[in-house]
Amino acid sequence: MSDELRQTATTLVAEGKGILAADESNATMDKRLEAAGVKPEEETRRELRELLFTTEGAAEHISGIILYDETFRQSTADGTPFPKLLQEQGVVPGIKVDTGAKPLAGSPDEKVTEGLDGLRERLSEYYEGGARFAKWRGVIAVDDQHPSHLCVHANAHALARYAALCQEAGIVPIVEPEVLMDGEHTIDRSEEVTGTVLATVFAELREQRVLLEGMLLKPNMVLAGYQCSEQPGDQEVAERTLRCLRRHVPSAVPGIVFLSGGQSDEDATVRLNLMNQMGPQPWEVSFSYGRGLQAAALTAWRGDRDNVQSAQAQYRHRARCTGAARRGEYSEEMERELVGSS
């Protein structure tokens, strides 16, 4: 079992590749569809996912795709189950297994992610259906008084429990402790909180006997709060992010797969590129982007079947650019060339 976990984790952070996070809940996806002028319903959610999953050439840059439960059970128009479709392309199917962040008892202004009840049985079903990795997201809000010690430890413990259950089922856990960038906090505060959260998460992972070689970490980049008056440059973000990770993430972890976290498509790509230009790190430095890969495609599609090819071109374009950043080979010139050829 441990060999399978190691192999899957290594495959997900293969050179030049990363993960598409297509695991939005129905409510979240419906909001995005409505914003694009698309009727929010099960069929349009399925059509968008099929558009993405059948994009020719995308698998050259995408190693795995995280699915939501509804999507995991859906099929293409010709009846091919989505997990099978991905496997046939050499893309690893994944699954989001948490049930969302809820108010934390004892500190209701903060959140703790739920979903451990019945998780062992759900993981067994997902494995039988083809899933080989999973994701669980903990959210940590930041201001002058938060996060509390209680919030950090509650989320770290849940992440570790989830990770242990995943590995028991033969599924690689993506551990996602996201320090949110909503707010006015400085980049110094962001680095401080991110470091504390990572240290706590890895202490809990060890307590739960999680095989570090058979997991991936999905952290935030170290940014200033989006409402902070002093915004750092891309180089500072890249340097501080790597410094924080080197201090707290063991080298046994095969890879870091960053979330885009509300950054623009290009900002997320530029910063990933800079980190991969800074020389070898103890772990692979990759991506697990949602909006950063899908937003342009959704805007181009707008629910119109006549726009499928142009939407796929937008997705393929972002996948190519992000895959290049994964190798440290992205450039603005390359992006313009790709836009012109899409």
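The values are calculated or read from the model by the stated rules, or taken from the named source; none is laboratory data. The model shown is predicted, which means the values in this text are computed figures rather than measured ones. Here the Cβ is made from the backbone with ideal geometry for all residues, glycine too, and neighbour counts use every protein chain on show.
Miscellaneous remarks
- Residues located in the range 226-278, provided they are polar (S, T, N, Q) and either at positive phi or touching a residue at least 60 places away in the same chain (Cβ under 8 Å) (or both): 269
- Exactly one residue out of 328, 340 is farther than 30 Å from residue 42 by Cα, surrounded by fewer than 16 Cβ atoms within 10 Å (Cβ to Cβ) and modelled with pLDDT of 95 or more: that is 328.
- Residue 162, sole failed condition from (1) surrounded by fewer than 22 Cβ atoms within 10 Å (Cβ to Cβ); (2) under 25 Å from residue 251 (Cβ atoms); (3) not basic (Lys, Arg): (1)
- Count of residues meeting criterion [in a helix (DSSP H, G or I) and surrounded by 23 or more Cβ atoms within 10 Å (Cβ to Cβ)] in the range 277-297: 4
- Scanning the range 216-252 for residues that are touching a helix residue (DSSP H, G or I) at 6+ places or on another chain (Cβ under 6 Å), hydrophobic (A, V, I, L, M, F, W, C) and farther than 23 Å from residue 273 by Cβ yields a single hit, 252.
- Pair list, Cβ under 7 Å, 6 or more apart: the range 57-72 residue in a strand (DSSP E or B), other residue among the polar types (S, T, N, Q): 63/11
- Among the candidates 263, 231, 227, residue that is part of a loop (DSSP other than H, G, I, E, B) and within 25 Å of residue 317 (Cβ to Cβ): 263
- You will find that of 143, 98, the residue that is under 23 Å from residue 221 (Cβ atoms), at pLDDT below 95 and not polar (S, T, N, Q) is 143 and no other.
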